[in-house]
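Here the structure is laid out as structure tokens; the discussion comes afterwards.
Read the figures in this text as sums done on the coordinates, not as results from a lab. Bear in mind the structure is a predicted one, so any value in this text is a computation, not a measurement. Here the Cβ positions follow ideal geometry from the backbone for every residue, glycine too, while neighbour counts run over all protein chains shown.
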Amino acid sequence: MLSWQVRVLEIYFRLQHAFAPKAGEVDVQKERVELDKLGAMFKLPKGIKAVKELAGGVPAEWLIPPGVSNGRVVLYLHGGSYISGSPKSHRSLVANIAIASKARALTLDYRLAPEHQHPAAVEDAVAAYKWLINGQVDPKHLAIAGDSAGGGLAIALLVSLRDKNIPLPAACVCLSPWTDLAFTGETWKSKIAVDLIIYDYKELAFAQMFLAGIDPKTPLA
């Protein structure tokens, strides 16, 4: 049975989809405000403590369930097409992941395009990961997770860690990761009319903002 949260989200996205233009200019600031507002619809689970952090120079937020061990951590990379999203927009989601994982969760407020283009987000993720394993947690007890663009960023982080010979985490969980910035998948055409969240013209624009002329098949993208 679907939860009430999922039903609310479905109604929200259906209404947005019904009245949204099918093409046109994209407004980055509007996208950011709307995603944060969506996240604010859902309250934190009872007992969760939210604590601001600076993780290797990157703004972040701890979400700490009651009674969890400090030795288990989830590093969470939020979605938002690389141009929007924040710890605020994903606070409820990450809090529930922390509870399910019996771990502290750290959500990064990594730099966004178009102000900060590739590889700024990857650099922030690497900096925060190194900060975590250099005093906060053993990588054997650390998991990386992310949704949408954050899922793609999680994979890019793993590639970067491997190439730098930095110890890898115990696990990586990607929720609907955006891994194809070249838009080669057939479903970009076959499913775009029924997708309640994705707008192809927006994603094309966001990818261009993020890549700034870099080959979309670059491994860290």
Along the chain, longest interval not containing exposed GluC sites (Glu not before Pro), exposed being DSSP loop plus at most 10 other Cβ atoms within 10 Å: 26-114
Order of Y199, Y129 - criterion: other Cβ atoms within 10 Å of each residue's Cβ, fewest first: Y199, Y129
Which label in (1) 129; (2) 118; (3) 155 gives the computed volume of the Cα convex hull per residue in Å³: (1)
Filter on K52/K140; K88/K164; K102/K202 - keep pairs with C-alpha separation over 26 Å: K88/K164; K102/K202
Antiparallel bridge percentage (DSSP; both residues within the chain; nearest 5): 45
